[in-house]
Amino acid sequence: GVVVVGSVVPWYEVLALEFGAARTLTLEYNQLSHDHPAMEAQTPAQYWGTAELARETFAVGLSISSIEHDGLGRYGDAIDARGDLKAMRNLEQVLQPSGLLLLAVPVGRDLVVWNAHRVYGARRLTLLLERWTVERVLGLSLGMLADTVIIAPQPVFVLSNQRPATPANFSNFDDPVWRRIQE
């Protein structure tokens, strides 16, 4: 199965099923009802309320334009300055060890557009991904992290749910992570 984080309209769920997923689980703050037997939706409270041994984990996760909203209260979540970082920690338990997460977040200079979203610059992006192995990055260039933008581009980070020996450092342009970037 595939877990989709923060999706109201099931675009990604349909694509996952079309490309072979047996089922999808959408984790969303709002109560959703997908009228499809292979699609399930739960709130985070419902997911985390399930006994740990019965809680499903996934080999693949998708989070497209979602994590940057966590902790800002806009979608019914609690206000928490580290809400996005906590959400990424929670995803470590949702995905199987070495599971893959496709993550898209807005990039530019570090910025919070209250209470809409965050824009990830070199510092916050490094914090966000510090516990994940960055396998590949699509659509990111060096200059993007220096742009001051409110509506920002969202490159895709292909992440493995395994702790890296050395976390990616997006502030250091000599870091090996920059060799995994494909514009």
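The values are calculated or read from the model by the stated rules, or taken from the named source; none is laboratory data. Predicted model only: the values in this text are computed from it and were never measured. FYI the Cβ positions are ideal-geometry reconstructions off the backbone, even for glycines, and counts take in every protein chain you see. Calculation scope for accessible area: heavy atoms of the full protein, side chains included, ligands and nucleic acids excluded. Shrake-Rupley method; radii C 1.70, N 1.55, O 1.52, S 1.80 Å.
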With point charges of +1 on the Cβ of Lys and Arg and -1 on the Cβ of Asp and Glu, referenced to the Cα centre of the range 1-148, which listed residue (139, 49, 26) lies farthest in the positive direction of the dipole?
139
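Within the P(r) computed for the range 68-124, what percentage of the Cα pairs occupies the region above 17 Å? Please report the intermediate quantities before stating the final value.
Working: 671 of 1596 pairs.
Within the range 68-124, distances greater than 17 Å cover 42 percent of Cα pairs.
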Just grab the label-to-label distance for residue 14 and residue 46, each label 7 Å out from Cα along the Cβ direction, in nm (one decimal).
2.1
According to a simple spin-label model (label point 7 Å from Cα along Cα-to-Cβ), what is the distance in nm between residue 115 and residue 181?
3.3
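Go ahead and estimate [θ] at 222 nm for the chain from helices alone: -39,500 (n - 2.57) per DSSP H run with n ≥ 4, summed, over the residue count, rounded to 500.
Details: 4 runs with 34 residues, N = 183.
Theoretical 222 nm ellipticity from helices: -5000 deg cm²/dmol.
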Return the Cα extents of the range 23-151 along principal axes one, two and three, sorted largest first, each rounded to a whole Å.
43, 31, 25
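How much length is gained on full extension from residue 22 to residue 147, taking 0.36 nm per residue of separation minus their Cα-Cα distance?
41.0 nm
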Residue among 98, 65, 33 with the largest mean-square fluctuation in a Gaussian network model of the chain, springs linking Cα atoms under 10 Å:
33
Distance in nm between residue 98 and residue 33 label points, each 7 Å along Cα→Cβ, equals 4.1
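Treating only the Cβ of Lys, Arg, Asp and Glu as charged (+1, +1, -1, -1), what charge dipole size does the range 1-100 show about its Cα centre? Round to the nearest 20 debye. Spell out each step's value before the answer.
Working: 6 positive and 13 negative charges, 33 e Å.
In debye, rounded to 20, the range 1-100 gives about 160.
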Would you look at the GNM of the chain, springs on alpha carbons closer than 10 Å, and say which of 20, 99, 108 moves the most?
20
Between 155, 167, 37, where does the largest GNM mean-square fluctuation fall for the chain, given springs only between Cα atoms within less than 10 Å?
37
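Could you state the accessible area per residue of the chain in Å², with a 1.4 Å probe and every protein chain left in place? Walk me through the intermediate numbers first.
On the way: 9510 Å² over 183 residues.
Accessible area per residue: 52 Å².
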Angle check, please: helix 83-94 long axis (alpha carbons) against the longest principal axis of the chain (alpha carbons), in degrees 0 to 90, nearest 10.
50
Using alpha-carbon pairs under 8 Å, 6+ residues apart, how would you state the relative contact order of the chain in percent?
18
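In square nanometres and to one decimal, what's the mean projected area of the convex hull around the Cα atoms of the range 95-183? Walk me through the numbers on the way to the answer.
On the way: hull surface 21.9 nm².
The orientation-averaged projected area of the Cα hull of the range 95-183 comes to 5.5 nm².
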Quote the charge dipole size of the chain about the Cα centre in Debye, to the nearest 20; the model charges only the Cβ of Lys and Arg (+1) and of Asp and Glu (-1).
420
Can you tell me what the convex hull of the Cα atoms of the range 5-51 projects to on average, as an area in nm²?
3.3
Quick one: dipole size for the range 107-171, taken about the Cα centre, charges +1 on Lys/Arg Cβ and -1 on Asp/Glu Cβ, in debye to the nearest 20.
140
For the chain, whose charge dipole is built from +1 on Lys and Arg Cβ atoms and -1 on Asp and Glu Cβ atoms, the candidate among 96, 148, 176 with its Cα farthest towards the positive end is 176
